[in-house]
1. Along the three principal axes, how long is segment 221-270 when you take its alpha carbons, biggest first, rounded to the nearest angstrom?
2. Run the Debye formula on the Cα coordinates of segment 64-130, all scatterers equal and no solvent, and tell me log10 I(q)/I(0) at q = 0.22, 0.23 1/Å.
3. At q = 0.29 Å⁻¹, what base-10 log of I(q)/I(0) does the Debye formula yield for segment 33-72 when every alpha carbon is treated as an equal point scatterer in vacuo?
4. From the backbone phi of segment 125-136, what are the Karplus-calculated ³J(HN,Hα) couplings (6.51 cos²θ - 1.76 cosθ + 1.60, θ = phi - 60°) in whole Hz, Gly and Pro given as x?
5. Restricting things to alpha carbons, tell me how big segment 196-237 is in terms of Rg and Dmax, in Å.
6. So how long is each side of segment 152-210 along the principal axes, counting just the alpha-carbon atoms, biggest first, in Å?
7. Just need the relative contact order of the chain here, percent rounded to a whole number, with Cα pairs under 8 Å and 6+ apart.
8. Compute the whole-percent fraction of alpha carbon pairs in segment 176-260 spaced more than 15 Å apart.
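Laboratory data are not the source of any read-out in this text; all were calculated from the coordinates shown. Because the structure is predicted, anything quoted here is derived from the model rather than measured. Reconstructed Cβ throughout: ideal geometry from the backbone, glycine too, with neighbour counts over all protein chains shown.
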Amino acid sequence: MKSHHLLFVLGGLFGSLCALAAPPANPVPPANPAALEKLAAAGDRDAACSLARLYLLGQGVSQDFAKCLALIQPAAEAGHAKGEALYGYLLLHGKGVPKDEAKGLLWTVKAAEHGDPTAQFNAGNLFLKGIGTKPDPQMGIAWLEKAANTGRLDAQKRLIDLYFSGVDGVKVDESQSAPWARMAAEAGDAWAQTAFGTLFEFGYGMPQDYAQAAHWYRLSAQQGHARGMYALARCYAEGLGRPRDPVEAYYWLNRGAAQRETTCQNYLAELLLSLSPAEIAAGNARLAAEGMKPVKPAGPPLVAP
């Protein structure tokens, strides 16, 4: 079941991160639009960009792409990183200006070169997808790594996914994901904790260590992540890094199956074939103590080849 586990944990999670650039975050804390207006009028570029973003998204003001453009274009042309990033976003999406992906990429890269982490993340995805230019995986990875090193969780997770799935022209190399998985897992991200546990389980980029794998799976599962629950259940069912405990495996599979995770449901059906009535009763008692009911597996059990 290990190869199936690997695909289940890490497959197909990042489609939403591969689209065009997200609106760059505000450079200053949210404030009253009127207060930002005064600051922007006094020449405060950060305030101008924050106000522009409000107009872009229609937050606290009526959405107005023309006002957004009027605020950010001077900032961008003055070399203000957030202004450059926002201007690139408008061009990429054709909001307030004719859509021009090549020009949008140009301004995004300028912002990235000036150290804007959001622009670095966006530039990485644009190069990977070939938006505004020919696909360039090497350049895409380079920008994503810059963003990831600033602590951007989305960039760290994107790199993990790329090295595991080998999409967008990136060669599969699970060991390359290790430093990013560690960063994201230690930051508390449940998906990354499952991914980091997978690296330990299979020995990718670090010595194989089932105990460490189970440790990170548990941290993920305790946050309610169904894939972490599945992985932790496997550890208990197979005695990987933990003493074999079919009741504990049954408990975690029920937790995951309750979230409609098909693989948890299928593995639960398989596990039930080997459990004694006493073990099932013990598992059900634990579920009941937490206000949960056992999940009834749908259909016949699917046994991994």
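1. 27, 24, 13
2. -0.81, -0.88
3. Evaluating at q = 0.29 Å⁻¹ gives log10 I(q)/I(0) of -0.92.
4. With coefficients 6.51, -1.76 and 1.60, one gets 5, 5, 5, 5, 8, x, 9, x, 6, 6, x, 9 Hz.
5. Considering segment 196-237 through its Cα atoms, Rg and Dmax are 9.4, 27 Å.
6. So the extents along the principal axes, rounded to whole Å, are 31, 22, 14.
7. Details: 529 pairs, mean separation 29.4, N = 305.
That works out to 10 percent.
8. On the way: 1824 of 3570 pairs.
Considering segment 176-260, 51 percent of its Cα-Cα pairs are separated by more than 15 Å.
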